Structure formats: C-alpha cells, structure tokens
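The values are calculated or read from the model by the stated rules, or taken from the named source; none is laboratory data. Small disclaimer: the values here were computed from a predicted structure and weren't measured. For neighbour counting, all protein chains shown are included, and Cβ atoms are generated from backbone atoms with ideal geometry for every residue, glycine included.
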There are 2 protein chains.
Amino acid sequence: MTARITSLRTYDIRFPTSQELDGSDAMNPDPDYSAAYVIIGTDHPDRHEGHGFAFTIGRGNDIQTTAISALEPYVVGRPLQATLDDLGGVWREMVHDSQLRWLGPEKGVMHMAISAVVNALWDLRAKRAGKPVWKLLADLTPEELVDLVDFRYLSDALTPGEALDILRRAEPGKVEREAYLLDHGYPGYTTTPGWLGYDDAKLARLCKEAVADGFTQIKLKVGADVADDVRRLAIAREAVGPTVRIAVDANQRWDVGQAIAWVRELARFDPWWVEEPTSPDDVLGHATIARAISPVRVATGEHVQNRVVFKQLLQSGAISYLQLDAARVAGVNENVAILLLAAKFGVPVCPHAGGVGLCELVQHLSMFDYMAVSGSMENRVIEFVDHLHEHFVHPVVIRNGNYVAPTSPGFSATLRRRTLVDYAYPDGPVWTEVPAA
Amino acid sequence: MTARITSLRTYDIRFPTSQELDGSDAMNPDPDYSAAYVIIGTDHPDRHEGHGFAFTIGRGNDIQTTAISALEPYVVGRPLQATLDDLGGVWREMVHDSQLRWLGPEKGVMHMAISAVVNALWDLRAKRAGKPVWKLLADLTPEELVDLVDFRYLSDALTPGEALDILRRAEPGKVEREAYLLDHGYPGYTTTPGWLGYDDAKLARLCKEAVADGFTQIKLKVGADVADDVRRLAIAREAVGPTVRIAVDANQRWDVGQAIAWVRELARFDPWWVEEPTSPDDVLGHATIARAISPVRVATGEHVQNRVVFKQLLQSGAISYLQLDAARVAGVNENVAILLLAAKFGVPVCPHAGGVGLCELVQHLSMFDYMAVSGSMENRVIEFVDHLHEHFVHPVVIRNGNYVAPTSPGFSATLRRRTLVDYAYPDGPVWTEVPAA
C-alpha cells in the first residue's frame, strides 16, 4: 500500500500579547500575535506530521485559517513519498492554480496560506529524513534546488543557469562551513529592547542586557514622534556604546519625503539601517529614500509579498539588506528563489523574525544560505525577539548572541499540544478567561 | 430614533462559465466567473440596501466571502446617515485597522473584501440620494472628493493641494459635459471576439459584428502560442480593417524579455496596446517593456493591487493606459485616488471590465472621471464584455459602441433575487444539476 497524506487540520491560535505592549510599534499599537496553524497527517506507520503556519497579529486570523483549509484538496489524498519528492511541482500546482491565483495573484491571504502548507510539507519531509530543514536543503544538489524554484517573472534578473552557477560555486567548503555552524551558531540581533510601548528606563536596561548577552546589534522601533525617537536613540546609543549597531524600524509609517527628513534627524546617532521606511509596495520610493539617506542603509522585506517585488528592490538598488520572511511569501521554495536573487545581487539576507515562531523558521533559511548559497555570514544577522518560544517543542536557542544550529528533525515549527488547546480562539481557556477588548 | 446599519449578508455566487470557454485566456483557461456578494441592510423605513461584490473566477470565492463577512463589525450597528456622510473615514478605519492590515497590507483577499463593502456603501448612499453613483460623485465639491482619498504613500507624486487643483480645473463645463454624456454616452470597446477558446471562424464573425455594432476598438487575447497569435491577429485585422484599433492582452503570461520579443512579432498588425504583458507587480519590468516596444503602448491595471503600485507605474512611464478595476483596489475611494493620479500624469484611464458586473460598476467611474476629474473622453474607452449582464437589475446598455449613462439610483450592482438563489454555490440548482468538474 502506498502511504498517503490523509488530513489537513487547521487551528486559529492567538496570544493576548496586546495586554503587555510586547510587539508595539508605530503601525501596530496593539497586536495579538497569532498563528493560522496547520497540521498535515498521513497514514504512514512512522506517524510523522507536518506543521506549518501563517503569522498574523490578531483580527483576521480566522480568514487566514479558512484560506489554509481551502488548500486541503491540493494535499489530502496525494501519495506521501512522491509528493515530498516533488515539492517544486506541488508548489507550482498551488501557486498557479488558475482560479485561486485570481485572489492574489501571489500575494496576501492566499499566498500566506500556501506558505503555511508548503512549510508544513517541508517540515514533514525533514522529519521523515531525520534532518533539520537547513541540513536537508543544504544536502540537495544544485540541480534539485533549482528545480524547487519558479523562475517565472525572474528571468530578466536571474536565470536557472545563473542560479546553478551560484549554487555550484558554494559547493566547495560546505563541510567546513557545517562544522563552523555547529560550533559557533549564526549571529543574531535583538529587537527586544526597542518596542515603542516601553518606557525609557526599561529601554536603557534592556539595551544593556542585550550587550551583556553578547548581541552586537539591536533594533529600535521609530516613526511615531521624531522628538521621542531622538530621545530614545540617544538613550540607546549611550547604553550600548559606539560599536554596537543600532538598527531602526519605522514599520511603513512614512511617506517618501517624510522618511528622508526623519532619518536625517536620526543620522547623528549612526543608525545602521532604517527598516520599512515606507509602503512595502513602493520599490521606487525605497530607491529614492536609499539614495537620499546614504550612508544610512535601507532594509525591508517582512511585508514584501513575493519574489517579483524583491527582484525589483534588488534591481533598483533600493535595499542594502534583504529581510525575507518565512511565512509571507510562499514558503521554502520561494525563499530559495529570494536567497538566490540576493546572492546574485550581492545583498546580505537578514531575515525578519519575532511574532509567533518566525525565529524558529528563519534560522533554517539563513543557515541554508550560509551552507549552500551565499556561503557567508558576513554582515548577516537573524532577528531575535524573545517572545512565545516556550510554546514550541523545539524553541530556538541563543548562545552569546548567536542562534545555535538546530539539530532536531523538521522545521522547528511544532507548537506544544497544550498551546493548541489553551490558546485556541475564541474558545480556549486563555480567551474565555480574558475580558473582551 | 437614529436609523442604523443592521445587517451585512454575504452570498457565494458562481456561474459555470468554464463550460463555454467564455473568458478563456492564456492564464485563465477555464474560469467560473463568480461574485463574493454582499448586501448591507438598515432599519430605515426607506428599505434601501447597499449591494457590492468582489469578482473572482471560481475556486476561492468562499474565502473571499468569508473575508467580507469578517468586516461585519466595522459596519453593522453604525448610524446610517453619519456613516454614509463620512465614507472617507469609514474607508480609513477598515483599511488601516492595525490587525487586519497585516493580511495585506492593502492587497489581495482582504483588500478586495473591503472593496466589496465600500462599494456597497456607495451603492446605498446613491440609492438614498436618488442618483447614479457617477452623478453623486460628480456633484460633490472638490473638497469633499479630496476628503475621500487617503494620500498616505502618495505625497511624492500627488498632494491634497494638487488634487484640489485638478478637481477645480474640471469644474467649468460640467453642465455641458453632463448633457453630452446623457446624449452620447461614453465610448466602449469589446473583448467579446477575442477569447482564446474561440475558433478562427467565430473570431472573424465576432470581429465583423463588433464593427457593425459601432465599436472602434476590439481586444484579442494572446500569449499562449505566438504562431496562433499571428494567425488570429491577421484574421482580426482583415475582418475589422485598418482603422479599428485592436488591443492585445497577454494576461501576465510573459517574462520581460519574452514580452518584448513576442510583441515585436505582432507589431506588423499595428496592435494599439499590449495589456498585462507580465506580472502586475513588476513596475520596472513594465517600464522596460514599454521602452522596448514603443510605439506599441503598454496598458495594465486589472490586477494592480492598490494606488501605491499605480503611482509607480505612472512615475516610471510604464503605462500609456491605466486600467483600473472597480473591485480589486479598495472601492470607490481608492479609485478616486487613482483617477486623480492618472490625471496628474496625463494618462488616460480605460477601465478593466467583464467578469461579473464589472462593466456595471466601472461605467460610473469613467463617467465621473469625464465629469469631474480629467474632463475628457479623448483616447478613453471602457471595456465591454457581453457576459452575464442579464443577472443584474440594471444592466449596462450599449448603443452604437457607447455605454449609455445609467440613470437608475445606485451603483448598478444589484443582482436579481432569482440569481442569488439559482447560482448559490454549492447548493443552488445550477450547481446541483451540473456534474462536478
């Protein structure tokens, strides 16, 4: 009997984070970090399941969950091994379904739903292979990796042949890099000190703790009030000293002209990059800002909808750092494309993380990049936010400011069973015991 | 007692159009034209309801309907008159809800859901005012119109002051233009001949009928096979003669280099514009194509997600024609912004239509543009596709190739009660009697 995928179950999981102002920024004053969560089951006797999710910040997580459920017919009933062996084909089938495509195309709720399912399939494949996803990917041949990628709309910037060349150039030294990675981990930076809702004393204390913990870069939220930002940056710079990098993050708060003026006010504190200065859709705006605020660098990506927009950000010289997100574009496959694009243009990838489980996911992508694509950690850091890791079976481990390479099989995406019960929305005990907002 | 909005009801309505290959193109071989439909009710004794919808092409229409239902708390319970008097404020509340925004931002399923609700509110306002939407909008003052627009992310291209100037310049001559519009209507063009699924004889016959019906422009779908396209364009050019404009539409089928090569093959048939040559997200790609294929012109817009992408298409000189869609961006308010942007850059707006009810909606936007924004019909045509109009209470009327200005109050969006029953998916009689695909 051929083993098959037999179920796709979804869960609307929400954490009442707005009560503590964790995660507060200029655009998102009161997020309730949430996961539209999916578990893919099989009838194979190994009983492995694939776990994945889309991250949202509260309202609308039900819509996101509905969209994931709608993908059930694309997954359930398929032969297990053949499906996992052809995740490039499965990806194309879902993304290019001619009717579903109309709901994006390749953006928003429908694309994030595909992300959750694709990442769950990668989790399942890695668990069955007994490897973490970063290692599973790094062990694929250049040809197998290229086959995962959809080059539609990319060929003016990256062809399959160029992608193969990039991957082949990274083959030598893999063994040494793996040893280095397992010994040292991968550099992180922390956003924990910088949420807008924190008072000055808490900011200063958390900045000092970050340095003591070994981080060489921190990040502050900005963009609500320029005088506040000047004051908070002065406190942070004083607290961390001149050599620790301070990134600032405006979370799309500004128009183009306003971004340029605002960053010039902050420039004396030597911010390392300014993140999401304006709409994530505004490629030309980002390029204009980048030219105007140099040597301060522009970073963006957490809300960039797909590889086509990343392509343009790179083509136009708009970004010095590319911040991919594990669960907004359509999962591992599209992120392989994005890592290849970044390598082609020589732009370091510093993933967006935080939220629910994004640190857990993106560590695999950066470590794969180091192993098999860019082959470098130079100027590369993975965002770290110390929220909600305790809900995961295999939470990230940070040591001296570095992400320790995960060795458990899978994508580190599995939430604890207890969490799926307690934080279920709206009927879980955490929500039935909290007064309605 | 203050009258209130008391209900928001949704309907998953699908038409089995794939059975006839109506609407077949290179990217959408078998669409089932669908509407995620919404009716907003009140407790006012006038019993008017607001009707709106998002258009999809089949699978996923349930997700779209769910997303519209999620907006109920933003509408139901509000005071009726105050809400309709402040549709700029209502728009901002829904689009900038900090949690829902994460699902886009401002794109895809969530944005289209807002479109349906916003357009339904405009339908309700116009019915209560006893005017068609085009007239209701044209009768607003420049200040009232500017207040409908969210200028966030636009100010590097269009400021509120510039928008006011554009609207004030269009004030003189309104009375004359209204008389002209009511007498002559607004020029249309027809896509009816050009679907990919039609054979050569049907193509030739429909081309001749289009000219006989008074159309001065037709459109052909292209992009599946270049030899087929050359043959079909030759047939069409022969059938319509040298002066009727033939637009071609690739429905996003090509990469940038491929688009340029393909259009050069077709150039000898003098295509008026090439529509959606590549990904709707690829601003830089469209600009590259536009430079390379001139004097053939580039048109796009039906899948452009929001005003920020339209802004860039205009800033980069990528498009000669802007094809707004009534129900993909967030409804009337965002389309007022887009009309103003187009006027600022001097680019004619030729709306996308067809599908379910899109002709019914966009006619109001073009007529408003003529009355109060661009003040011109020059080089402007509204797409016409002769599908599914019979399901609307006030279907569009085409006379000698022109859209007759609608005079019934509202947005012409009201589907017949019988259609809501018969085409309900999956339980309506049309679907229970059709064999599953």
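Values for this structure:
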quantity: Condition check for A:T278: among the hydroxyl-bearing types (S, T, Y) and at the interface with chain B (Cβ under 10 Å from one of its Cβ atoms); calculated: yes
quantity: The listed residue being in contact with an Asp or Glu (Cβ under 8 Å, 6 or more places away or on another chain) and free of Cβ contacts under 8 Å to residues at least 24 places away in the same chain, out of B:G257, B:G285; calculated: B:G257
quantity: Qualifying residue in segment A:100-110 (condition: within 14 Å of chain B (Cβ to nearest Cβ), farther than 24 Å from A:H352 by Cβ and surrounded by fewer than 24 Cβ atoms within 10 Å (Cβ to Cβ)); calculated: yes
quantity: Among residues of segment B:295-341, those that are of a type in the set (F, W, Y) and assigned to a helix (DSSP H, G or I), counted; calculated: 1
quantity: Search result, residues across segment B:106-125 that are charged (D, E, K, R) and within 16 Å of B:L8 (Cα to Cα); calculated: B:D123, B:R125
quantity: Boolean, B:A239 is more than 21 Å from the chain's Cα centre (by Cα), among the small types (G, A, S), in the same structural domain as B:C207 (by TED's automatic domain parsing) and modelled with pLDDT of 95 or more; calculated: yes
quantity: Residue within segment A:344-357 that is outside the structural domain of A:N61 (by TED's automatic domain parsing), buried (at least 24 other Cβ atoms within 10 Å of the Cβ) and within 26 Å of A:E93 (Cβ to Cβ) present; calculated: yes
quantity: Candidates A:Y180, A:Y198, A:Y189, filtered to the one that is assigned to a helix (DSSP H, G or I) and assigned by TED's automatic domain parsing to the domain that holds A:L358; calculated: A:Y180
quantity: B:T83 being away from chain A (no Cβ under 14 Å), among the polar types (S, T, N, Q) and out of contact with any Asp or Glu (no Cβ under 6 Å at 6 or more places or on another chain); calculated: yes
quantity: Condition met for B:D32 (touching a residue at least 60 places away in the same chain (Cβ under 8 Å) and acidic (D, E)); calculated: no
quantity: Filter result for A:E106 (assigned to a helix (DSSP H, G or I), touching a helix residue (DSSP H, G or I) at 6+ places or on another chain (Cβ under 7 Å), closer than 28 Å to B:S24 by Cα and assigned by TED's automatic domain parsing to the domain that holds A:N61); calculated: no
quantity: Scope segment A:86-99; condition under 21 Å from A:V309 (Cα atoms) and either surrounded by 21 or more Cβ atoms within 10 Å (Cβ to Cβ) or more than 8 Å from every other protein chain (Cβ to nearest Cβ) (or both); matching residues; calculated: A:G88, A:W91, A:R92, A:M94, A:V95, A:H96
quantity: Top-ranked residue of segment A:22-65 - restricted to ones that are touching a strand residue (DSSP E or B) at 6+ places or on another chain (Cβ under 7 Å), within 14 Å of another protein chain (Cβ to nearest Cβ) and of a type in the set (G, A, S), ranked as nearest to A:G108 (Cα to Cα); calculated: A:A54
quantity: Residue list for segment A:137-147, restricted to those being surrounded by fewer than 23 Cβ atoms within 10 Å (Cβ to Cβ) and either charged (D, E, K, R) or not in a loop (DSSP other than H, G, I, E, B) (or both); calculated: A:D139, A:P142, A:E143, A:E144, A:V146, A:D147
